[in-house]
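Undergrad: Mind looking over this structure? Questions follow.
The values are calculated or read from the model by the stated rules, or taken from the named source; none is laboratory data. Predicted, not measured: the structure shown is a model, and the values here were computed from it. In this analysis, Cβ positions are derived from the backbone assuming ideal geometry, glycine residues included, and neighbour counts consider all displayed protein chains. All accessible areas refer to the heavy atoms of the entire protein, side chains included, with ligands and DNA or RNA removed. Shrake-Rupley method; radii C 1.70, N 1.55, O 1.52, S 1.80 Å.
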Amino acid sequence: MAAPVTVLALGDSLTQGYGLAPEEGLVPALGRWLAENGAEVELINAGVSGDTTAGGRARVAWSLTPEVDAVIVELGGNDLLRGLPPEEARANLDAILSEVSGRGLPTLLVGLPAPGNYGPRYKADFDAIWPELAAKYDAVLLPNLLAPIAELSPRDRAGRNLMQDDNIHPAPAGVALVIEALGPKVLELLAKVPAG
């Protein structure tokens, strides 16, 4: 039997599972989905609530322990909440991906689009980060983690209890919906891990 692949999930509260019971968070739910789809994976939850791209950049090097075979990077939501400059988020994510790829590890880059309230220029600059950096580092790309929820009407979201009361973090039903889009991207990531 081959040893399971170890994937580091470097992220913020969305990765960490903010507001949810331990088994309801994104990482445990993803682990169950992967097992159901025949993937033997050990997931390391390196999600830190409130973390910005700068926080992820500060801890990526020591998070990449020797057993890590691949990395999911899910950061940027807190940069958006604080209205931080897109060029800062880009520079931090670039440094994170550079560190990961420098160790020969494949990456899944998970983004979040900017809301419209910062203006069209900010939104265009921020939203361009994900596809451009994914192309630069040959990373698997999921442009919007919360797309499966965002695509639904507010009434639908409320009726299905997809979001927590803060309307920022998914509730368990929302996590399940997000995993349906995230899971196949993680399988793509696993396909890039060298055998043995």
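Undergrad: Mind listing whichever residues of segment 6-55 are touching a helix residue (DSSP H, G or I) at 6+ places or on another chain (Cβ under 6 Å) and among the aromatic types (Phe, Trp, Tyr)?
TA: Scanning segment 6-55 gives a single hit, Trp33.
Undergrad: Name the residue, out of Leu145, Leu162, that is of a type in the set (A, V, I, L, M) and more than 17 Å from Ala21 (Cα to Cα). Write out each step before concluding.
TA: Details: Leu162 fails: more than 17 Å from Ala21 (Cα to Cα).
That would be Leu145, the only listed residue that is of a type in the set (A, V, I, L, M) and more than 17 Å from Ala21 (Cα to Cα).
Undergrad: If you take the residues of segment 147-167 that are outside any loop (DSSP other than H, G, I, E, B) and touching a Pro at 6+ places or on another chain (Cβ under 9 Å), which of them is least open to solvent (accessible area, probe 1.4 Å)?
TA: It comes out as Ile149.
Undergrad: List the number of the failed condition for Pro170; all other conditions in (1) closer than 25 Å to Ser63 by Cα; (2) under 14 Å from the mean Cα position of the chain (by Cα); (3) buried (at least 16 other Cβ atoms within 10 Å of the Cβ) hold.
TA: (1)
Undergrad: Name every residue in segment 54-94 that is surrounded by fewer than 14 Cβ atoms within 10 Å (Cβ to Cβ), acidic (Asp, Glu) and farther than 22 Å from Tyr118 by Cβ, in order of residue number.
TA: Glu67
Undergrad: Can you tell me which residue within segment 16-52, out of those that are part of a helix (DSSP H, G or I) and of a type in the set (A, V, I, L, M, F, W, C), is farthest from the chain's Cα centre (by Cα)?
TA: Ala35
Undergrad: So if I check each of Leu133, Leu112, Leu182, which one is assigned to a loop (DSSP other than H, G, I, E, B), touching a helix residue (DSSP H, G or I) at 6+ places or on another chain (Cβ under 9 Å) and in contact (Cβ under 8 Å) with a residue 12 or more places away in the chain?
TA: Leu112
Undergrad: Just a yes or no: is a residue in segment 103-126 closer than 24 Å to Val41 by Cβ, open to solvent by 20 Å² or more (accessible area, probe 1.4 Å) and under 15 Å from the mean Cα position of the chain (by Cα)?
TA: yes
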